[in-house]
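The values are calculated or read from the model by the stated rules, or taken from the named source; none is laboratory data. All figures in this text were calculated on a predicted structure; none of them were measured in a lab. For neighbour counting, all protein chains shown are included, and Cβ atoms are generated from backbone atoms with ideal geometry for every residue, glycine included. SASA here: full protein model, heavy atoms, side chains in, ligands and nucleic acids out. Shrake-Rupley method; radii C 1.70, N 1.55, O 1.52, S 1.80 Å.
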Amino acid sequence: MKKQYLLFIVLAGLLTFFCACKNETAYKTLIITGQNNHNWKASSPVLKQILDETGLFSSEIITTPDKGGDMKAFNPDFSKYKLVVIDYNGDSWSDKTNNAFVEYVRNGGGVVLYHAADNSFPSWKEYNEMSGLGGWGDRNQKDGPYVYYKNNQLVTDTSAGNGGSHGKRREFLVRTRITDHPITRGLPEAWLHGTDELYSQLRGPAKNMQILATAFADSAAGGGTMRDEPMLMAITFGKGRIFHTTMGHADEGGGPSMHCAGFIITLQRGAEWATTGEVTQKVPWDFPSSAGVVLRSDFKELTLEEAITNIGSYDIVKSTKNLSYLQNKIRSLAGDEQGLLKLEKMMVKVLTGKETTIEAKKLLLRELSWMGSDYSVPAIKALESDAELKDEAEFALSRLQTK
Ligand code: ZN
């Protein structure tokens, strides 16, 4: 009995040791929320999941007192953290807390500002220097210039006017402007983002700020400025680094803006850069292209099976989104015959599936026509008798047989 007890103590001790080690290697991260004109109860757990998913961060969520509450009670010890994520837009913090936060960043603390965090604290000078650009909260020419791209030129515009606007929520193309920054290195030049607000007309001090990516605010979507508006920014303040993403307007469960693989991956990369100045994460293969949005159902990298199944079960619009993922995979397998055959088998399985829509079959036939092998031929031949697919099947067969 005594021996067993001793063994238990030793095992418990070892377990504590390993758990402690695990926590020590991940960057301790504080997500601040509790007030927002947005659904912070939906967004904050998603931010935590996205960051912790990398294995690099170990995050905790802290909530401020409610609106009108005693802010003196909100006094976190920032020095315990490597990264602070702001998902907050509400009452001013106490001077003591503000000063502690400024000190934390000045001394090299990392910060991520997410979506409406750039609406926050319009009269806190240092915070606005950290965000670079902000909106709403009576911001206007007194707060700094508008900054945007127009005809591919970076414009600093001191004209009078309010800061902050967005048109109707929609999918939009994000364009990488600085390709050799650690955050954007290896990302496509342009990629389609899941349905979101396109923040526009932001203005602020814009000091020590690099605009990494922009999006065109088309007036056709209502209220568009016809400018390329900043989406992702990298800012320095003292020894500290700030990653500012204007994207990710949250619905219940996160919604398409937060499920977008482009949002997730840029957030993960931006958070690492803010913490260390470098990015060690590889760009995952489901990063979207300009051909279509990639939505991750559970924020984790899509599996091949998920992507191909999605193509089969959706209508043409949704199939196209997953098609871009499949096309990425086909490209990445160039020269790998075994890998391509495995992929081809999965595609044929969906092609012949009872649930697969006609539009999806057409998409798959087009892909198989150039990447397929003899393996696909019997399945495609069987589709020649289907009036709706006859043309596509014949086309695919003619290409496959002339290979
Ligand atoms: Zn919003």
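The table below gives the values:
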item: Cβ-Cβ under 8 Å pairs, at least 6 apart or on other chains, segment 42-62 side within 20 Å of Gly255 (Cβ to Cβ) and in contact (Cβ under 8 Å) with a residue 40 or more places away in the chain, far side open to solvent by 60 Å² or more (accessible area, probe 1.4 Å) and among the β-branched types (Val, Ile, Thr); result: Ser44/Ile61
item: Considering residues of segment 154-177 that are assigned to a strand (DSSP E or B) and within 15 Å of the ligand (Cβ to nearest atom) only, the residue nearest to the chain's Cα centre (by Cα); result: Phe172
item: Residues being within 18 Å of Leu333 (Cβ to Cβ) and buried (at least 17 other Cβ atoms within 10 Å of the Cβ) - total across segment 364-375; result: 6
item: Out of Glu384, Glu388, sole residue that is farther than 17 Å from Ile308 by Cβ and touching an Asp or Glu at 6+ places or on another chain (Cβ under 9 Å); result: Glu384
item: Selection from segment 36-76 of residues that are closer than 17 Å to Phe263 by Cα, more than 16 Å from the ligand (Cβ to nearest atom) and surrounded by fewer than 21 Cβ atoms within 10 Å (Cβ to Cβ); result: Pro45, Lys48, Gln49, Asp52, Glu53, Thr54
item: Residues satisfying the stated conditions in segment 190-231, i.e. under 16 Å from the mean Cα position of the chain (by Cα) and within 16 Å of the ligand (Cβ to nearest atom); result: His193, Gly194, Thr195, Asp196, Glu197, Leu198, Tyr199, Ala215, Pro230, Met231
item: Residue match in segment 137-151 (condition: without any contact (Cβ under 8 Å) to a residue 60 or more places away in the chain, away from the ligand (no atom under 16 Å from the Cβ) and not in a loop (DSSP other than H, G, I, E, B)); result: yes
item: Residues located in segment 350-377, provided they are in contact (Cβ under 8 Å) with a residue 24 or more places away in the chain and basic (Lys, Arg); result: Lys361, Lys362, Arg366
item: The one condition in (1) within 10 Å of the chain's Cα centre (by Cα); (2) open to solvent by less than 10 Å² (accessible area, probe 1.4 Å); (3) within 16 Å of the ligand (Cβ to nearest atom) that His244 fails to fulfil; result: (1)
item: Flag if Glu355 is out of contact with any Leu (no Cβ under 7 Å at 6 or more places or on another chain), assigned to a helix (DSSP H, G or I) and over 17 Å from Gly186 (Cα atoms); result: no
item: Test: Lys321 is in contact with a strand residue (DSSP E or B) (Cβ under 6 Å, 6 or more places away or on another chain), in a helix (DSSP H, G or I), modelled with pLDDT under 85 and farther than 17 Å from Leu198 by Cα; result: yes
item: Enumeration of residues in segment 185-208 that are open to solvent by less than 10 Å² (accessible area, probe 1.4 Å) and either modelled with pLDDT under 95 or assigned to a strand (DSSP E or B) (or both); result: Trp191, His193, Gly194, Asp196, Ser200, Arg203
item: Filter result (farther than 18 Å from Asn208 by Cα and either open to solvent by less than 10 Å² (accessible area, probe 1.4 Å) or within 16 Å of the ligand (Cβ to nearest atom) (or both)) within segment 97-114; result: Thr97, Phe101, Tyr114
item: Top-ranked residue in segment 115-136 [being among the acidic types (Asp, Glu) and away from the ligand (no atom under 16 Å from the Cβ); ranked as surrounded by the most Cβ atoms within 10 Å (Cβ to Cβ)]; result: Glu129
item: Ser385 closer than 27 Å to Gly335 by Cβ and of a type in the set (Ser, Thr, Tyr); result: no
item: Residues that are among the small types (Gly, Ala, Ser) and open to solvent by 10 Å² or more (accessible area, probe 1.4 Å), drawn from segment 267-315; result: Gly277, Ser289, Ser290, Ala291, Ser297, Ser313
item: One residue from Gly262, Gly238 being away from the ligand (no atom under 16 Å from the Cβ), modelled with pLDDT of 95 or more, touching a His at 6+ places or on another chain (Cβ under 9 Å) and within 22 Å of Val112 (Cα to Cα); result: Gly262
item: Selection within segment 34-93 - part of a helix (DSSP H, G or I) and over 16 Å from the mean Cα position of the chain (by Cα); result: Trp40, Lys41, Met71, Lys72, Ala73, Phe78, Ser79, Lys80
